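The values are calculated or read from the model by the stated rules, or taken from the named source; none is laboratory data. Not measured: the values here are computed from a predicted model. Counting neighbours? That spans all protein chains shown, and the Cβs are built from the backbone with ideal geometry, glycine included. For accessibility, only protein heavy atoms count, side chains too; no ligands or nucleic acids. Shrake-Rupley method; radii C 1.70, N 1.55, O 1.52, S 1.80 Å.
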Amino acid sequence: NADVAMYQAKANGRNNFQFFTADLNARASERLQLEASMRMALHNDQFKLHYQPQVSLPDQQIVGAEALIRWQHPEHGLISPSRFIPIAEDSRMIVTLGTWVLQSAVRQAGRWQAAGLPPITIAVNLSPLQLHQPNLPEIVAEALADAGLDAQYLELEVTESVIMQEGEQVTMALHRLKKLGVRLSIDDFGTGYSSLSYLKRFAFDKLKVDQSFVRDLSTDPNDEAIVLAIIGLGKTLGMTVLAEGVETHEQLAFLERAGIDSVQGYLLSRPITAEAFEALITPGAYVEPGLRPDATV
Ligand code: C2E
Ligand code: MG
Ligand code: MG
Ligand code: MG
């Protein structure tokens with residue numbers, strides 16, 4: 001909270017206070033600039049989507065792709081979403097950007113399907129502000145119709161904290177999205193408020209176990225216990241369970257033994273360009289063995 005911070009800065013003496021406000025102003029104007037350049041970037045096609053395969057177990061088929069946004073900046077190179085999504089969220093720019101992501105991802109999936117490639121589910125991240133958009137279900141329905149993609153092939157990812165936070169509006173939005181026939185998944189599961197009561201109030205299709213639990217699987221028995229519990233919980237409630245951030249064969253082996261439905265992570269593939277992903281799902285197309293390195297991350 002700014003007031004408290006300023007009070008503390010003041011208590012530390014005049015110079016500190018001045019330093020602090022100067023710093024704050026610099027940061028605020030930096031943010032404004034970034035926001036303006038994001039609007040330009042959208043207009044100039046500098047945003048693009050990468051796709052990270054989601055792989056079923058034990059058969060290791062690519063069953064889905066998560067669309068992840070990147071900013072190809074003419075001077076700064078490729079910028080990661082963790083740097084600009086928070087600013088886009090603060091400035092509400094995320095609503096425009098999120099709509100672009102949704103439309104682009106759905107259009108791409110529609111093209112792959114129309115080309116006769118094996119059907120995959122396209123997963124799109126939704127930001128909290130998008131769930132507060134009264135016409136979000138209409139935007140989603142229109143994107144699907146334009147792309148000629150059936151709703152069952154679209155999965156919308158929302159984080160636990162968003163579901164917990166709200167509220168009539170979010171509840172309504174989730175129910176209306178569900179009625180369209182799209183799938184709903186809970187992203188970063190286990191890192192939110194840890195209240196499980198919402199799980200029975202909404203019909204989520206999938207739990208995505210947060211990568212923080214996957215990271216130390218082979219060394220931390222607590223994480224093993226947590227992952228086993230999440231898989232059990234998800235299955236009992238009729239959801240499928242995916243683990244994020246799978247990087248090692250040991251993690252994969254543990255998850256497979258634990259009966260997880262699908263995995264996503266650098267071991268299988270990094271997020272890759274649309275062209276590279278298309279090659280991955282094209283039967284008989286040549287794909288380099290092993291990892292598909294993402295030159296960009
Ligand atoms: P997320 O939705 O949880 O996406 C997973 C993140 O983990 C991605 O980072 C992905 O590249 C990374 N990842 C995947 N496998 C591994 C692995 O094996 N190891 C490690 N260490 N990381 C792995 P990315 O692409 O940088 O995205 C970060 C976050 O930015 C996403 O987390 C999501 O919250 C947000 N984001 C990305 N694209 C969008 C978007 O289009 N809209 C919104 N609202 N948020 C987005
Ligand atoms: Mg996600
Ligand atoms: Mg996640
Ligand atoms: Mg995340």
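General observations
- Selection status of residue 83, within 16 Å of ligand 4 (Cβ to nearest atom), part of a strand (DSSP E or B) and either more than 15 Å from residue 156 (Cα to Cα) or open to solvent by 40 Å² or more (accessible area, probe 1.4 Å) (or both): no
- Consider segment 50-69 and keep the residues that are within 16 Å of ligand 4 (Cβ to nearest atom) and open to solvent by less than 20 Å² (accessible area, probe 1.4 Å). The one that is nearest to residue 255 (Cα to Cα) is 54.
- Residue count, segment 219-229 (criterion: modelled with pLDDT under 95 and either under 22 Å from residue 59 (Cα atoms) or not in a helix (DSSP H, G or I) (or both)): 2
- Just one residue in the set 161, 185 is of a type in the set (S, T, N, Q), within 15 Å of ligand 4 (Cβ to nearest atom) and touching a residue at least 60 places away in the same chain (Cβ under 8 Å); that residue is 185.
- Failed condition for residue 212, given (1) within 16 Å of ligand 4 (Cβ to nearest atom); (2) open to solvent by less than 20 Å² (accessible area, probe 1.4 Å): (2)
- Residue count, segment 102-156 (criterion: open to solvent by 50 Å² or more (accessible area, probe 1.4 Å) and among the aromatic types (Phe, Trp, Tyr)): 1
- Contact map, segment 207-222: first residue within 16 Å of ligand 2 (Cβ to nearest atom), second residue at pLDDT below 90 and open to solvent by less than 60 Å² (accessible area, probe 1.4 Å), Cβ cut-off under 7 Å, separation 6 or more or different chains; pairs are 209/190; 210/190; 213/190.
- Residues (within 16 Å of ligand 1 (Cβ to nearest atom) and under 18 Å from the mean Cα position of the chain (by Cα)) located in segment 134-161: 136, 140, 154, 155, 156, 157, 158, 159, 160, 161
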